[in-house]
Amino acid sequence: MPLVALGEELWSKVVFGMLNRFTPLAHLLGMLVETTLNFLQNMFILGLLNVFFLMVGLFLHSAAAIILVVPIVMPLINLVGIDPVHFGPVAELCRSFNRILCAKGE
């Protein structure tokens, strides 16, 4: 066996050995990135719903806005994976902002 072939074989063993050693770390980093993107996607959707609730609050009374809008957006909330128990206080906070800021909706 030539010395060059032995060196290439040894080099490939070293490289693949290092890759095998860092594979769990790469898997953990991938899971972290996926979780972060999922979280940011959920926060973006909650932000859009906040803006939507504020726009609806300009034209409707706050209780009427909640009664009309929540059944419409609830399937979206469930589809995205946001907990309805978390969404309730967010909707109530938007309703409170509408009562404080928007004179037309109240």
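Residue-wise test of (1) among the basic types (Lys, Arg); (2) within 20 Å of the chain's Cα centre (by Cα); (3) within 21 Å of THR35 (Cα to Cα).
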site: LEU68; (1), (2), (3): no, no, no
site: VAL73; (1), (2), (3): no, yes, no
site: PRO84; (1), (2), (3): no, yes, yes
site: GLY88; (1), (2), (3): no, yes, no
site: LEU93; (1), (2), (3): no, yes, no
site: ARG99; (1), (2), (3): yes, no, no
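Would you kindly identify the helices (runs of 4 or more DSSP H) lying entirely within the chain that contain at least 3 residues that are hydrophobic (A, V, I, L, M, F, W, C) and modelled with pLDDT under 70? Before you say what the answer is, go through the steps one by one.
Details: elements: 3-59, 62-80, 84-101.
Where helices (runs of 4 or more DSSP H) fall fully within the chain and carry at least 3 residues being hydrophobic (A, V, I, L, M, F, W, C) and modelled with pLDDT under 70, they are 3-59.
Scan segment 81-106 residue by residue and report those that are closer than 22 Å to LEU40 by Cα and surrounded by 14 or more Cβ atoms within 10 Å (Cβ to Cβ).
ILE82, PHE87, VAL90, ALA91, CYS94
The values are calculated or read from the model by the stated rules, or taken from the named source; none is laboratory data. These figures come from a predicted structure and were not determined experimentally. Positions of Cβ are generated from backbone atoms using ideal geometry, with glycine treated the same way; all protein chains shown enter the neighbour counts.
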